[in-house]
1. Relative contact order (percent) for region 182-251, with alpha-carbon contacts under 8 angstrom and 6 or more residues of separation?
2. Can you pull the percent of region 85-168's accessible area that's carbon plus sulfur, 1.4 Å probe, other chains left in place?
3. How much accessible area per residue does region 495-581 have, in Å², with a 1.4 Å probe?
4. Leaving ligands, DNA and RNA out of it, rank Leu115, Leu249 by accessible area with a 1.4 Å probe, largest first.
5. Taking Lys266 as the anchor, which aspartates and glutamates have their alpha carbon closer than 17 Å to its alpha carbon, excluding any fewer than eight residues away along the same chain?
6. With each label point set 7 Å from Cα along the Cα-Cβ vector, what nm distance links Thr352 and Trp322?
7. Which entries in the list Lys230/Lys441; Lys230/Lys532; Lys170/Lys281; Lys532/Lys613; Lys170/Lys230 go over 28 Å, if you measure between the two C-alpha atoms of each?
8. Compute the normalised compactness of region 170-249: alpha-carbon radius of gyration over 2.2 N^0.38 Å, N being the residue count.
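The values are calculated or read from the model by the stated rules, or taken from the named source; none is laboratory data. All values derive from a computational prediction rather than experimental measurement. Positions of Cβ are backbone-derived with ideal geometry, glycine not excepted, and every protein chain shown enters the neighbour counts. When the accessible area is computed, the model is the full protein with side chains, heavy atoms only, and any ligands, DNA or RNA have been set aside. Shrake-Rupley method; radii C 1.70, N 1.55, O 1.52, S 1.80 Å.
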Amino acid sequence: MPHHQFTLTSSALTSILVLGTFSATPAMSEILPEYVGDTVIVTPTRMAEKTSAVVGDITVITAQEIAAAGQASLVELLQSQPGVEITQSGGAGSLASVNIRGGNSGHTLVLVDGLRVGSATVGTTPLENIALDLVERIEILRGPASSLYGADAVAGVIQIFTRQGHGTPKPSVTVGVGSYGLLQGQANYGGETGDTRFSLGTGYSRTNGGFSAARPGTYGYNPDKDGDEKRSVHLNIDQRIDDHNHIGLTAMGNRDYVDFDNGTAKDVAHNKVNDVSAWWKGRLSNLWTSQLRVGLGQNHTENFSLGTSTGRFDTDQTQYLWQNDFALSGGNLTASLEHNDQHVSSDTAFMTTSRTVNAAQLGYLGQWGAHTLQASVRHDDYSDFGGHSTGMVGYAYALNTAWRASASYGTSFKAPTFNDMYWPVTAYYQGNPALQPEEGKNLEAALRYQSQANYLGLTAYRNRVKDLIVYVYPTMENVDRATLDGITLDGGTDLAGMRIRASMDWQQPTNDATGKLLTYRARQHGTLDVSKALDRWELGATLVASGSRFADAANTQSLPGYARLDVHAQYHINPGWQVLMRVNNVLDADYQLISGYNTPGINGLLALQYQPK
């Protein structure tokens, strides 16, 4: 591919990003708060709280920021956030994984509107298959959260909220064309009418890929172009019954057809990520708010070679939640009961195809003057490997109105997958039903500054994970340990009419037995985002940079560091019509996120949007 090689040293990366950081120092009901800006968040405590009240290390990506950022995909948007690294085996729609704070991809729990939609066979959620056009808001919680949400929240939680209706009902439509034969469009209609708030929409995008996902010499290499075709729909209804009760329905559907290289002339993956849930939320007294939810999360995938199926793996998770929040004189208390029926359907004859999870959780958040105390405890009982308890305690002290120091300790676990435990016996591999969960213990401390639009945060952490599940011929065993040490620096300011945000991560995710770095984790990586409004124009640029990474456990195959610069612009023709422009990888950097696989070169998008104010 005609890229330019770009190598970035650690000192250059640090200088660019740290300089950017230090450039300058009405809802329908009170039981359903509007999530405006980063004022109210729910992921760190399971309750709606102000960001200034919680102890956790969190980033909120609002609808306005999603629209302004100009990223083409959800994976690209997440890559530009503090503490987050990604790997991806090609272009749009290709297999991707997200690593938070140096953890494995299975150490990040992904929720969509509170539901698990991931695969129980591989233990991750295919974020590359979820269309960005149905997303309104994202909350990223860095650090362990199993005491809130159960399994897999070892390194962090990504919670995605789909579009909701706001204000007078109105439509929005976007159509665009771009590089690699890109065609895309989305239409949405939503708002509030009487006691009903609603949003419904659909989206479509297609690209021919423009290049082969694999490089020559990589297994399955085929010089054809590997494209991607996505279809998405969403529905969100919130019906007010009276001043104290709401009911609602939320649904999301994604269909993604992705070309990949597996040794034949035509290899295609058919992926589906869906969810649907019905809920009730009510205020039973001045001190007691309750909610009930039942939902289904689906992750279905099937691979085809020359039109013939070569493997089908479907996960269905039926989930039930009863949560009660109490406003006490000494703070806020939450108590939850959950049940999850996990079922796997496949043309592979798994030894077991279903399991159940029952869980009980308690959480507390209290503030007295300058002091904040946060704690949670949870017990998960799995029908196959038994019960597991986790907990967290955190304390914060406000040094003054702008500065706050905090510290926390939390435990976590990752459940073994169906592939780990129940894969049928073959010549080279078989599942191990005796596996136990991976367990994490995390200690962190933070210092944060917040004053109007200016903020700065420094967080240091150590997460020790034991009983890592690895392959030891002919099965999986709990044998490895890892230590995830790191520091995250992030900040933002307004300077000369520009909005500047930056982050820098220094980390040492290490295999304890060998002393080697974990694969595809850089010792340092960071981001810099600059935007400015100028008359009818909104202009912006985002830099994502990473140091070198190792592609093998022995640390003998090194991938060089890289920097990718994306620019975007929005021109407001009038209050309802905008032109959107984006150029990704402006410097045409030649880099790999996974050894042997290409990434897109310089590419662009031109779109017309109708979105009345």
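1. 29 percent
2. Exposed carbon and sulfur together represent 52 percent of the surface.
3. Per-residue accessible area for region 495-581 comes out at 43 Å².
4. From most exposed to least exposed: Leu249, Leu115.
5. Reachable aspartates and glutamates: Asp224, Asp226, Asp228, Glu229, Asp256, Glu302.
6. Using points 7 Å along Cα→Cβ, the separation is 2.6 nm.
7. Violating the 28 Å Cα-Cα cut-off are Lys230/Lys441; Lys230/Lys532.
8. Output field value: 1.75.
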